[in-house]
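Colleague: One structure is given below, represented as structure tokens, and several questions about it will come after.
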Amino acid sequence: MADPGHASYSEPHHHYESDPNRRLSQEAPHGLGETEEQHARHADIPEKKLWGMDRQTETVVFYIFFIISLCLLITAAALGSVGHSWSGPFVGVFTAFAVFHWAAWLQTAVGMCQRASWVRDEADLGTRRQFLFLAVRLNRMMLPTALVGFVVFLYAYARRWHLKDLAYWLLFLLTFIWNTVFSVMNAYNNITWESDRLEYEEGDHLYRISRLAIFGIPSPRLKEGKEEKHS
């Protein structure tokens, strides 16, 4: 006889039905998990007040910094291959690369902090879209920089006995490592997380397919009557 104080293993398990208020279809243009009424309430959230440049100006400044930094990194690679890492031109160019690179990185990171989950209303879809845009943009800068650093490191390390310049290949190895680590952390903690949440609440958005968003590529827009492909 089963102990009356404990549930018998022969008792059937209780299966909880899904919340009937959650809609898991593609019938409406908004997300996978909200009713019409729930989605409409997002429009009542006041716009978050932010400080700094307007979005268009800030984006232009970012890409100026990013393009200059990438050109400087490539130039430093060329200078290091014909000279040495302690030469004046290499030191000056690589230092300038670091300044522009970190300026663009910090500019984006500050914008993300203003829109992060700990300072925003989670029902504010507009602010969350901006946060995702900045996270994607950050990877769009770090991944090409990491690629250049990796290619130059391979070249410099393979010729290390000829170049006799430890700092040369080590600097580009560090450039590859820090950009790779930060881009992976950003992809895992910010891009995929926010992309999936926006898909749940809003449906079709610019970075709906997280695999593409990680590489800075926008998602194709959904067409009416076609089933959505999940990331």
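Colleague: Restricting the first residue to the stretch 192-217 and requiring it to be touching a residue at least 24 places away in the same chain (Cβ under 8 Å) and on the phi > 0 side of the Ramachandran plot, which pairs with a second residue that is assigned to a helix (DSSP H, G or I) and β-branched (Val, Ile, Thr) meet a Cβ separation below 6 Å and a spacing of at least six or different chains?
Modeller: Close Cβ pairs (under 6 Å, with a partner that is assigned to a helix (DSSP H, G or I) and β-branched (Val, Ile, Thr)) amount to Gly216/Val136.
Colleague: For the stretch 77-89, which positions are in contact (Cβ under 8 Å) with a residue 60 or more places away in the chain and either assigned to a helix (DSSP H, G or I) or of a type outside the set (Gly, Ala, Ser) (or both)?
Modeller: Scanning the stretch 77-89 gives Ala77, Gly80, Ser81, His84, Trp86.
Condition check ((1) among the acidic types (Asp, Glu); (2) over 26 Å from the mean Cα position of the chain (by Cα); (3) more than 30 Å from Thr127 (Cβ to Cβ)) across all residues:
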site	(1), (2), (3)
Leu70	no, no, no
Thr75	no, yes, yes
Gly80	no, yes, yes
Phe94	no, no, yes
Phe97	no, no, yes
Phe100	no, no, no
Ala103	no, no, no
Gln107	no, no, no
Met112	no, no, no
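Colleague: When Asn179 is evaluated against the numbered criteria (1) under 21 Å from Thr95 (Cβ atoms); (2) in contact with a Lys or Arg (Cβ under 9 Å, 6 or more places away or on another chain), which criterion, by number, is the only one it fails?
Modeller: If we test Asn179 against (1) under 21 Å from Thr95 (Cβ atoms); (2) in contact with a Lys or Arg (Cβ under 9 Å, 6 or more places away or on another chain), just (2) comes out false.
Colleague: Just a yes or no: is a residue in the stretch 133-151 at pLDDT below 90 and either part of a helix (DSSP H, G or I) or under 17 Å from the mean Cα position of the chain (by Cα) (or both)? If you could, list the steps in order and put the result at the bottom.
Modeller: Initial filter on the stretch 133-151 (at pLDDT below 90): none.
Among the residues of the stretch 133-151, not one is at pLDDT below 90 and either part of a helix (DSSP H, G or I) or under 17 Å from the mean Cα position of the chain (by Cα) (or both), which makes the answer no.
Colleague: Filter the stretch 163-179 for residues that are touching a residue at least 24 places away in the same chain (Cβ under 8 Å) and outside any helix (DSSP H, G or I) and give the result.
Modeller: Selection gives Asp165 alone.
Colleague: Out of curiosity, is Gly111 surrounded by 15 or more Cβ atoms within 10 Å (Cβ to Cβ) and of a type outside the set (A, V, I, L, M, F, W, C)? Let's see the steps before the verdict.
Modeller: On the way: surrounded by 15 or more Cβ atoms within 10 Å (Cβ to Cβ): yes; of a type outside the set (A, V, I, L, M, F, W, C): yes.
Criteria met by Gly111.
Colleague: Could you check how many residues of the stretch 46-79 are small (Gly, Ala, Ser), modelled with pLDDT of 90 or more and more than 17 Å from Leu147 (Cα to Cα)?
Modeller: First pass over the stretch 46-79, keeping only residues small (Gly, Ala, Ser): 52, 69, 76-78.
Right, trim to modelled with pLDDT of 90 or more and you get 69, 76-78.
Adding the requirement that they be more than 17 Å from Leu147 (Cα to Cα) leaves none.
Residues meeting the conditions: 0.
The values are calculated or read from the model by the stated rules, or taken from the named source; none is laboratory data. None of these values were measured; they are calculated from a predicted model. For neighbour counting, all protein chains shown are included, and Cβ atoms are generated from backbone atoms with ideal geometry for every residue, glycine included.
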